[in-house]
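Q: Take this structure first; my questions come after.
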Amino acid sequence: MMKDWKKTLINADATLLEAMEVLDSGALQIALVVDDMGRLLGTITDGDIRRAILSKVSLEDSVDRAMFTPPTTASIYDDREKLLDTMRRKDLKQIPLIDSDGVVVGLRVLMDLLQVQPKDNWVVLMAGGLGTRLRPLTDDCPKPLLKVGGQAILETIIKSFIDHGFRRFFISVNYKRQMIENHFGDGRQWDVRIEYLREKETLGTAGALRLLPGIPADPLIVMNGDLLTKINFNNLLEFHKECRCQATMCVREYNVEVPFGVAEIDRYRLVKLEEKPTQIFFINAGIYVLEPQTLELIPGEGRFDMTHLFDRLLAHDERPAAFPIREYWRDIGQVGDYQLANGDYRLEFNNDKEVK
C-alpha cells in the first residue's frame, strides 16, 4: 500500500474529527501528522481517538490532544527483515518512512509484509432470547433471523466477522433454535466453522459461555445477536491487547437533555444556573472481549449475565477496559428499532464489502 500513504497525511492544525475522517477513509488505519515542510510530528490511530473520547476530549480539538509522540520511524532504505524486527519489537502495525530531514517519504504496513492468516479467536453470538419486545414479528421467527435489508440480522453479523478474518463461531440458541441451526448449518457455505450452544433454559448473556466445549487459547469476542454495527473487530482486539486487561466492554455514547434549567446549589446558596444541559453517559453496547481465564468466574448453573461477570471482575480488583464505539451501531430491541434498522441498511451495509 505504498501508493496510498499520502492519503494518511494530515496537518498539525487539523482537528481530531479530521483525523478520524482520514482513518475511516482508507485501509491503512493511521494518520501521520506533519508540519508545513512534511516533517513527521506524530501519529494518530484508532486507539488514540477512542482514548481521547473516553477522556472527554472534543473532536473539534487539535490533533495534538491525542497524537502519539515521538513516533517510531524507519528509513526507506531499511530492508524487509529490519522493518519486521522493529515492528515486532515495538508491536506496531504501521511504520512511517522518513528521510534524513524527518520528512515522510512512505509508510509500510505489517499486514503487507506478512501473509495474513485467519484469526484463531472464537466468536460467541448470543441468539437464544425470546424477542418478546418485538412481537408479533417474533411469534413465528426468532429475532436473529428477522431480515434487515433482505438478510437475517445474525447473517449480517457473521459476515462482518468473516470479513475481519474470524473463522470459528459459537451461537447460543434456545427459542426456535431449529430454525437458526437450519439457516446457518455448520458454516461450510461461508468456509467457516459454526457450532451451537443449546440452552435448555434461559442462561443469560454470560451463562451460555459455560456450554463452550473448552477454554479457548486466545481472547474471545462475545456479542449479542440482535445488533447491527460497523465496528472494526480488528481494532477492538488491538485495543484490548494494548490495555492488558482481563475484559473489555464496548460502550456507546448516550446523551440525555434535561428539559429544564438546572440549579447548582452549595448548601442553601444558588451557585450556578444551566439551561437545559446535556448529560453524556457511556452505555453497554453488548459486545465484549474476554481473556480465557475470565470464564472461570462464571458459576456452574443458573442465569448469569455479562454485567454480573464484569461486577465479579471489579470485585476481584480487576480493571476492565471500555472501548467506545464511534461507528454505526443499533440495538434492535423493539419494533421501532427494527424499522429504523431497515432504513439504515441501504446506506450503512449494502454493497459495502471493504473492511475499514
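FYI, it's all coordinate maths here, none of it is from the lab. Just so you know, these numbers come straight off a predicted model, no measurement behind them. We place every Cβ from the backbone using ideal geometry, glycine too, and count neighbours over all the protein chains shown.
Q: Of the trypsin sites (Lys or Arg not before Pro) in the stretch 149-237, which ones lie in a loop per DSSP and count no more than 12 other C-beta atoms within 10 Å?
A: Sites meeting the loop and neighbour criteria: LYS200.
Q: Can you give the % of DSSP beta bridges in the chain that are antiparallel, to the nearest 5?
A: DSSP beta bridges in the chain are roughly 60 percent antiparallel.
Q: Taking Cα centroids, how far is the stretch 130-148 from the stretch 16-63 in Å?
A: If you average the Cα positions of each part, the centres end up 41 Å apart.
Q: Could you work out the helix-only [θ] at 222 nm for the chain, with each DSSP H run of four or more residues adding -39,500 (n - 2.57) and the total divided by the number of residues, to the nearest 500 deg cm²/dmol?
A: Rounded to the nearest 500, the figure is -7500 deg cm²/dmol.
Q: Only one of the values (1) 35, 23, 20; (2) 37, 29, 20; (3) 31, 23, 20 was calculated from this structure for semi-axes √(5λ) of the Cα gyration tensor in Å; name its label.
A: The listed entry that was calculated here is (2).
Q: Run down the lysines and flag those whose C-alpha is under 22 Å from the C-alpha of LYS90, throwing out any fewer than 8 positions away in its chain.
A: Straight-distance partners of LYS90: LYS82, LYS119, LYS241.
Q: Filter the GluC sites (Glu not before Pro) in the stretch 165-243 to those in DSSP coil with at most 11 other Cβ atoms within 10 Å of their Cβ, and list the result.
A: In loop regions of the stretch 165-243 (DSSP not H, G, I, E or B), the sparsely surrounded GluC sites (Glu not before Pro) are GLU201.
Q: So which trypsin sites (Lys or Arg not before Pro) in the stretch 243-323 end up in coil per DSSP with only 12 or fewer other C-beta atoms within 10 Å? Mind showing how you got there, number by number?
A: Numbers: sites: ARG244, ARG252, ARG267, ARG269, LYS272, ARG303, ARG312; in loops: ARG244, ARG267, ARG303.
Passing sites in the stretch 243-323 are ARG244, ARG267.
Q: Rounded to the nearest 20 debye, what is the charge dipole size of the chain about its Cα centre when +1 sits on each Lys and Arg Cβ and -1 on each Asp and Glu Cβ?
A: Working: 46 positive and 55 negative charges, 160 e Å.
So the magnitude is around 760 debye.
Q: Considering amide H positions built from the backbone, and no H for Pro or chain starts, which residues 5 or more places from PHE170, or on another chain, come under 5 Å of its amide H?
A: Excluding prolines and chain starts, which carry no amide H, the hits are VAL123, VAL124, LEU125, GLU195.
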